[in-house]
1. Do the conditions hold for A49, that is, is it more than 30 Å from R22 (Cα to Cα) and outside the structural domain of R22 (by TED's automatic domain parsing)?
2. Any chance you could count how many residues in region 81-102 are out of contact with any helix residue (DSSP H, G or I) (no Cβ under 7 Å at 6 or more places or on another chain) and exposed (fewer than 14 other Cβ atoms within 10 Å of the Cβ)?
3. Cβ-Cβ distance below 8 Å, separation of 6 or more or different chains: which pairs start in region 39-59 with a residue that is surrounded by 11 or more Cβ atoms within 10 Å (Cβ to Cβ) and end on one that is assigned to a helix (DSSP H, G or I)?
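The values are calculated or read from the model by the stated rules, or taken from the named source; none is laboratory data. Here the structure is a predicted model, which is why all the values come from computation and not from measurement. FYI the Cβ positions are ideal-geometry reconstructions off the backbone, even for glycines, and counts take in every protein chain you see.
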Amino acid sequence: MAFDLHMALVILAAAAATYATRIGGYILITTMKRIPPRMEAALAAVPAAVLTTLVAPAFFTGGWESKLALLAALVVGLRASHTWMLIVAWLVVMAWRHTIGM
């Protein structure tokens, strides 16, 4: 594989933009005396938005085993408040999947 200067510059620019947005957000938040309610609501919504962007493609493009694993994780996540129970449920579904040869 040959070195591609254009691709290297794109990667460096993306890394710089990512770093700038992260450090910029940190600087903005630390310089504020009080976080406005709208900004606090937006920040509170970030984890759900990130989780949705990670889970939705796997649910809609994956096979039935992916849907089953995600639904099992959802049921356990809604029933239990501890993350370890979600991990155990995922392990059980994956072990069952491996056992039946999927």
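1. no
2. Number of matching residues: 13.
3. V55/L70; A58/S66; A58/L70; F59/S66; F59/K67; F59/L70
Residues checked against (1) of a type in the set (D, E, K, R); (2) over 30 Å from I29 (Cα atoms); (3) modelled with pLDDT of 80 or more:
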residue: A42; (1), (2), (3): no, no, yes
residue: F59; (1), (2), (3): no, yes, yes
residue: W64; (1), (2), (3): no, yes, yes
residue: V88; (1), (2), (3): no, yes, no
residue: V92; (1), (2), (3): no, yes, yes
residue: A95; (1), (2), (3): no, yes, yes
residue: G101; (1), (2), (3): no, yes, no
